[in-house]
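To keep things clear, I will list the structure first and then write my remarks on it.
The values are calculated or read from the model by the stated rules, or taken from the named source; none is laboratory data. None of the values given here were measured: they were computed from a predicted structure. Here the Cβ positions follow ideal geometry from the backbone for every residue, glycine too, while neighbour counts run over all protein chains shown. We work out accessible area using only protein heavy atoms, side chains counted, and drop any ligands, DNA or RNA first. Shrake-Rupley method; radii C 1.70, N 1.55, O 1.52, S 1.80 Å.
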Amino acid sequence: WNDTSGPLPGVTFPVLFEEQVRRTPEATALVFGDGFVGSFAEVNAAANRLARVFIDAGVGPESVVALVLPRSAEMVVSLLAVWKAGGAYLPVDPGLPPERIEWLLRDAGVVLAVTTESAVDVVPDGVESLLSDSARTAGLLAQMSDADVTDADRLAPLRAENPAYVTYTSGSTGVPKGVLVEHRGVVNMFLHHRDGYAAAAGIRLRAALSASFSFDTSLEGVLL
């Protein structure tokens, strides 16, 4: 029962996602509320354009991008774009106390904070911000290619050992502590869930994002 070992490809999640895009470009990849519905090809193209904006802002492997965003389709696209650029994301609930948000962003050493016009005031001074819903960002995205991002585009090659995201403990026993999770850990979890749940049942799995984006288990709802 405990013999659960298996092969783990030395790839990052963007590679797996792009393989799925080639297999099922028109299949639904993301649904938000009663409005946004995006195919794999559409979500991939949007993430590629945003990833190139991130790269121009200095995002690359070993750098951290804070996603100070409400639950939205843009949140998921931004997560994927950070990974395509090579960076690690830090999920930040914009409703947290400003003091905690400032502490998280300072401690993680973020190079960029992605947020909205309504939430930008919680981003501390000195941290570069990119407003996902601004005209300036729309203009930048319009100039970018939607082709898949490669190591030739990134500031440095992206490897399975690079961090994919940073999550913080609650701090109930003192100061919150950041934990880095590598791409190979994300891929391991995804493949386990995909093969263990969907493949075993013979179905195409659809998961709801029920957990807070700041909670580690939210990735199950995002990736599946």
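Let's see how each residue does on (1) small (Gly, Ala, Ser); (2) farther than 17 Å from Pro91 by Cβ; (3) at pLDDT 80 or above; (4) touching a Gly at 6+ places or on another chain (Cβ under 7 Å):
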position: Thr116; (1), (2), (3), (4): no, no, yes, no
position: Leu141; (1), (2), (3), (4): no, yes, yes, no
position: His183; (1), (2), (3), (4): no, no, yes, no
position: Asp195; (1), (2), (3), (4): no, yes, no, no
position: Ala200; (1), (2), (3), (4): yes, yes, no, no
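Entry remark, the stretch 48-71: residues being in contact with a strand residue (DSSP E or B) (Cβ under 6 Å, 6 or more places away or on another chain) and open to solvent by less than 20 Å² (accessible area, probe 1.4 Å) number 6 in total.
Within the stretch 151-181, the residues that satisfy the criterion of being crowded, with 16+ Cβ neighbours inside 10 Å, closer than 17 Å to Val59 by Cβ and in contact with a strand residue (DSSP E or B) (Cβ under 7 Å, 6 or more places away or on another chain) are Asn162, Pro163, Ala164, Tyr165, Val166. For the stretch 121-141, name all the residues that are over 17 Å from Ser63 (Cα atoms) and either in a loop (DSSP other than H, G, I, E, B) or touching a residue at least 24 places away in the same chain (Cβ under 8 Å) (or both). Those that are over 17 Å from Ser63 (Cα atoms) and either in a loop (DSSP other than H, G, I, E, B) or touching a residue at least 24 places away in the same chain (Cβ under 8 Å) (or both): Val122, Val123, Pro124, Asp125, Ser132, Asp133, Ser134, Thr137, Leu140, Leu141.
With the structure loaded, tell me whether Leu79 is under 22 Å from His183 (Cβ atoms) and touching a residue at least 60 places away in the same chain (Cβ under 8 Å) or whether it fails that test. Yes: the conditions hold for Leu79.
A count restricted to the stretch 1-15 and to residues that are touching a residue at least 24 places away in the same chain (Cβ under 8 Å) and within 17 Å of Asp146 (Cα to Cα) stands at 1. A single member of Val111, Val37 is closer than 23 Å to Lys177 by Cα, in contact with a Ser or Thr (Cβ under 7 Å, 6 or more places away or on another chain), open to solvent by 50 Å² or more (accessible area, probe 1.4 Å) and among the β-branched types (Val, Ile, Thr), and it is Val111.
The residues listed here are Glu74, Glu42; of these, the one that is open to solvent by 40 Å² or more (accessible area, probe 1.4 Å) and at pLDDT 95 or above is Glu42.
Evaluation of Ala29 against the conditions (1) at pLDDT below 90; (2) under 28 Å from Gly178 (Cβ atoms) shows that the sole unmet condition is (2).
Glu42 - would you say it is of a type in the set (Asp, Glu), farther than 30 Å from Gly178 by Cβ and within 17 Å of the chain's Cα centre (by Cα)? In short, yes.
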